[in-house]
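Quick notes on the structure that follows.
What follows is calculated from the coordinates using simple rules that are stated; it is not laboratory data. Being a predicted model, the structure only gives us computed values, none of them experimental. Reconstructed Cβ throughout: ideal geometry from the backbone, glycine too, with neighbour counts over all protein chains shown.
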Amino acid sequence: MRREYRATLEVEDEYDVQDLFYTLLRLEFDDIVTEDWLPSYTDCANRTSFLLKQEKIAIIVKKTRPGLGAREVADQLTIDCQRYSTHPDCTTLFCFVYDPEGRIGNPRGLEAELTSISDEHTIEVLVSPK
């Protein structure tokens with residue numbers, strides 16, 4: 001809750017969500033590596049992920065928008081998961097999907113579909129808000 005007469009924090013796009021997420025990570029972690037890469041599902045736009053090397057955790061942050069609903073997010077995260085399954089500094093991939101307009105009709109279903117645990121890798125997916 002914002003105090004009286006203060007503007008609400010505005011999150012307009014994925015970059016805003018990433019900036020906020022990075023700021024929150026800095027409260028707990030000193031060594032956060034940002035990785036820019038060009039996945040096959042983008043049109044020449046880099047994606048940024050965060051890597052906590054000591055903890056061997058990679059973090060992907062997404063925000064839904066027109067044209068990026070449940071199926072598209074699932075497809076993109078599948079590609080992201082494939083990339084990090086061979087990353088030498090990652091045994092856990094955490095995927096955070098910010099869905100303020102409720103474009104993902106069944107967020108718990110998407111989380112269950114993509115979350116997996118194996119001996120080599122763990123993939124955790126969180127969609128918020130629900």
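Peptides 50-62, 72-84 ranked from most to least packed, by the mean per-residue count of other Cβ atoms within 10 Å: 50-62, 72-84. Structure remark: mean-square fluctuation, Gaussian network model of the chain, C-alpha springs under 10 Å; the largest value among LEU27, LEU93, LEU114 belongs to LEU27. Considering the range 19-59, its Cα convex hull presents a mean projected area of 3.2 nm². Listed options for percent of Cα pairs over 20 Å apart are (1) 47; (2) 37; (3) 43. The value calculated from this structure is the one marked (1).
Would you compute, from DSSP H runs of 4+ residues alone, the mean residue ellipticity of the chain at 222 nm, taking -39500 (n - 2.57) per run and dividing by the full residue count, rounded to the nearest 500? Don't skip to the answer; put the middle values down first.
Values: 3 runs with 36 residues, N = 130.
So the helix-based figure for the chain works out to -8500 deg cm²/dmol.
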